[in-house]
1. Scan segment 255-267 and tell me whether some residue there is touching a residue at least 40 places away in the same chain (Cβ under 8 Å), crowded, with 16+ Cβ neighbours inside 10 Å, charged (D, E, K, R) and part of a strand (DSSP E or B).
2. Just to be sure, is Thr349 surrounded by 24 or more Cβ atoms within 10 Å (Cβ to Cβ), of a type in the set (Val, Ile, Thr) and part of a strand (DSSP E or B)?
3. Collect the residues in segment 343-372 that are over 18 Å from Gly189 (Cβ atoms) and of a type in the set (Gly, Ala, Ser), keeping them in residue-number order.
4. Exactly one of these conditions fails for Gly367: (1) at negative phi; (2) in a loop (DSSP other than H, G, I, E, B). Give me its number.
5. Search segment 437-476 for residues being without any contact (Cβ under 8 Å) to a residue 24 or more places away in the chain, β-branched (Val, Ile, Thr) and under 16 Å from Ser357 (Cα atoms), and hand back the single one that is surrounded by the most Cβ atoms within 10 Å (Cβ to Cβ).
6. So which residues in segment 404-430 are under 26 Å from Leu483 (Cα atoms) and either hydrophobic (A, V, I, L, M, F, W, C) or at pLDDT below 95 (or both), if there are any at all?
7. May I ask you to say which residue of Lys313, Lys305, Lys361 is free of Cβ contacts under 8 Å to residues at least 24 places away in the same chain and not in a helix (DSSP H, G or I)?
8. Scan the strands (runs of 3 or more DSSP E) fully inside segment 73-134 and keep the ones with 1 or more residues being of a type in the set (D, E, K, R).
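The values are calculated or read from the model by the stated rules, or taken from the named source; none is laboratory data. If you're wondering where the values come from, they're calculated on a predicted model, not measured in any experiment. All Cβ positions, even for glycine, are placed from backbone atoms using ideal geometry, and neighbour counts span all protein chains on display.
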Amino acid sequence: MTASSLTSLRMNAKVAVVGGGVSGLSFAYFLSKLRPDVNITIYEKSNRAGGWICTEPQPKAGGYFEKGPRTLRGVRSGTLLIVDILRRLGLSNQIQVIPKSSTVNKKYLLYDGQLVQTPDSALSTLKFLETGILKGVPLSILREPFQKSTTKKDQITDESIESFFKRRFGNARLIDNMLSAIIYGVYSGDPSKLSIRSIFPQLVKFEDDHGSLVRGWFKSRSQAESESVDPETTVLRQYEESIAPEAGLNSLKSQLSSFSMLKLKDGLQVLPTAIASYLESEGVNKNTTTTTIEYGTDITAIDPKNLTITTSKEGVPKKFDHIRSTINSNTLANLIGRNKDTFNLDYATIFLVNAYSKSAKLINKHGFGFLVPRSTKTPEMLLGTINDSDIEQNSVQLFERESLEETETAQPLDSYNKITFMFGGPHYNREIPSENIRLRLVRESLTRYLGIDLSEHRLIILKPGEKLSTPINDSDIVISYALQQDCIPQYNVGYEEKKTNAIKWLNEVSGGKFSLGGMAFAKQVGVPDCVFNAFEDAYSISGIKDGN
């Protein structure tokens, strides 16, 4: 949301948050800190907090299965805020990290029937190129600075990632054999549809400013960091000044830079559950009704002009001073009675399958997992895998270790095997296979990609939400699955214009009192991005920047 366009809240204002995922909860958390006088109502359709973040307890199968996001990668500004929230909620012991030297940082591509490690050293780079996966790409990169660039006369408003790379490098090999896999892993989207300006805006800037991606990249590398001011640095400073003066985010950033990724010991849902518990208990402790979470509540209508919400429980419109929506944009369009063209986005559907075994070897090559590029055709419609047990067995506490050397200590690999399959995404655009077919493809994937002889193992298949209730044998393989429909919004060509128009319309209708959060109209789809955006907008409507 464009924070500068939002109207500051009056004293004792009433705010509605639509959606009890991490986006809505973190927005409410930040706002309650910034403006304790504000009364907040969170409407959540399901009976739990977290949204797409879902950690399913499985005590008899490795502890838990993640049914959505599980790690926070890199030193992101939103990650800093998440870590500080957890510290302030007394959950520092949940924060785990993975050293950069860990085996988990090895990543693979499925190419020509083999798992090929992506470059992380000179030797692995040489081996990667020897596979032929990027045959001809180095020469294309050398030629790229001499490719004709768009001019102001024929400037392209937006184009797909595939079109952009074809235009700059003369072919689609880089997309087909490598970049498409990365896009599948993050967005589960189609490179021929996703917007280059939305997904890789820096590359567009390189071409616009320097006429070449290669020249732009070298120019950016040579520029001193002090030459540009990172807007996110300003936002982090606002957070420290207004909420957590003792946070020490610069020090925390330096500390996290030693690690490749972050996870929570008992699963990522610890975060939204903790925030929800805090918000509800804070009102009790203060003998106020600062925040209320209405679980299991269906909203039937939203009026952005009069700022009212109608639910199936109450049946009459309830008035608010500000409404924050973090839900699916198409669902929002239906609730406000607006033509879907204004808010309509395509969404990816993922068939997510967790597999666990005490002794059956489910991981062929230790690391983070593998992704399947577009050039590799899989009849199972596989996007990739995540080696959950490798991640869990190589994680160490961030704040409760005695020395840095302790971070190099990992649990023995293969003490148990846990892996997640991801199917679907763009492969499900035309049709989603039936459940029976999807489960048959899971069995085939176990054999084809993991080398499992199913005749030697008993498969225990758990339906969505089902917990394993009986002990299992060492050779048993537990399968738990969930179809996550419309879980990732697709930033397709024209997304930026659609986003601008949607926000503009809401601002005009509501007078700057209706904001959008979550993945649909955010900066990116990651959890840290959603949390960072939540603080930006909460700070904006708090009025603190205006001296209120």
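1. Checked against the condition, which is being touching a residue at least 40 places away in the same chain (Cβ under 8 Å), crowded, with 16+ Cβ neighbours inside 10 Å, charged (D, E, K, R) and part of a strand (DSSP E or B), segment 255-267 yields at least one hit.
2. Spelling it out, it is not the case that Thr349 is surrounded by 24 or more Cβ atoms within 10 Å (Cβ to Cβ), of a type in the set (Val, Ile, Thr) and part of a strand (DSSP E or B).
3. Ala355, Ser357, Ser359, Ala360, Gly367, Gly369
4. For Gly367, the exception is condition (1).
5. If we take residues in segment 437-476 being without any contact (Cβ under 8 Å) to a residue 24 or more places away in the chain, β-branched (Val, Ile, Thr) and under 16 Å from Ser357 (Cα atoms), then Ile460 is surrounded by the most Cβ atoms within 10 Å (Cβ to Cβ).
6. Tyr416, Asn417, Ile419, Phe421, Met422, Phe423, Asn429, Arg430
7. Lys313
8. Counting at least 1 such residues, we get 107-111.
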